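What follows is a short report on a single structure.
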Amino acid sequence: MIKQALLGEFLHEAENTRKILKAIPDSALDWKPSEKNWTTGQLASHIAEVYNWYEPTFDQDTFDMGLYVYDKGDISKAENILAKFEENVAKAQKVLEDSDENTYFNEWKMVMNGNILFPPSPKVQVIRGFLYNHLYHHRGELVVYLRSTGNTVPGLYGPTADDRI
């Protein structure tokens, strides 16, 4: 039952993520709001990468970020980032579909170099916070990036200021 709820949200929100990634023009990829921020390309790549974290989150009780290999691919073109997203989201969907609900309340943690980065928590809480909400947060940032570069923003939960209603 929990799996079906997670899967339903996953599929709906993956479509919203797809919409926002498709809205990025190549001309905006190098823009960033400040020296402390990522570029649009880096942010979009990170959004695509979150889907690679499904396997170590669903299938392991400890995610060792020190062993994780980040493969952002070629972020010089928006179509490359979208392709990486499509590859990663397909793998994530399979992990979710194949997941065992009996493990959803296992204690999960993230470590790196012996340090705890994400404190032990029930796996289902991590799925909602670390995977889902984390992604939504960065998607919101991407909306601001697109707006700031004069680009249109697709409606994710209804019309935007760009839509004529």
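The values are calculated or read from the model by the stated rules, or taken from the named source; none is laboratory data. Computed from a predicted model, the values in this text were never measured in an experiment. We place every Cβ from the backbone using ideal geometry, glycine too, and count neighbours over all the protein chains shown. Areas reflect the complete protein model, heavy atoms only, side chains present, ligands, DNA and RNA absent. Shrake-Rupley method; radii C 1.70, N 1.55, O 1.52, S 1.80 Å.
Summary of values
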| quantity | calculated |
| --- | --- |
| DSSP bridge orientation in the chain - percent antiparallel, rounded to nearest 5 | 60 |
| FRET efficiency, Glu13 to Asp71 (Cβ-Cβ, R0 25 Å, nearest 0.05) | 0.65 |
| Calculated FRET value between Asp61 and Tyr136, using beta carbons and R₀ = 22 Å, to 0.05 | 0.35 |
| Sum of -39500 (n - 2.57) over DSSP H runs of 4+, divided by residues of the chain (222 nm, nearest 500) | -14500 deg cm²/dmol |
| Nearest-10 value in Å² for the accessible area of Thr149, using the 1.4 Å probe | 40 |
| Per-pair calculated FRET efficiency, R0 = 41 Å: Asp98 and Ser148 via Cβ, rounded to 0.05 | 0.55 |
| Under-5 Å amide H pairs with Met110, H placed in peptide plane, nonlocal only | Phe63, Leu117, Phe118 |
| Net dipole in debye of the stretch 16-165 [+1 Lys, Arg Cβ; -1 Asp, Glu Cβ; about Cα centre; nearest 20] | 580 |
| Partner lysines for Lys94 [C-alpha distance under 26 Å; skip if fewer than 8 residues away on the same chain] | Lys3, Lys19, Lys22, Lys72, Lys84, Lys109, Lys123 |
| The stretch 1-73 - percent of accessible surface contributed by carbon and sulfur, probe 1.4 Å | 53 |
| Accessible area of the stretch 25-165 divided out per residue, in Å², using a probe of 1.4 angstrom | 54 |
| Two-site label geometry, Trp31 and Thr160: point separation in nm, points 7 Å out along Cα→Cβ | 1.1 |
| Sites matching trypsin sites (Lys or Arg not before Pro) across the stretch 4-50 that sit in DSSP coil, with at most 14 neighbouring C-beta atoms within 10 Å | Lys36 |
| C-alpha long axis of helix 2-22 to longest principal axis of the chain, angle in ° | 30 |
| Shape of the chain, Cα gyration tensor, a/c cut at 1.5 | prolate |
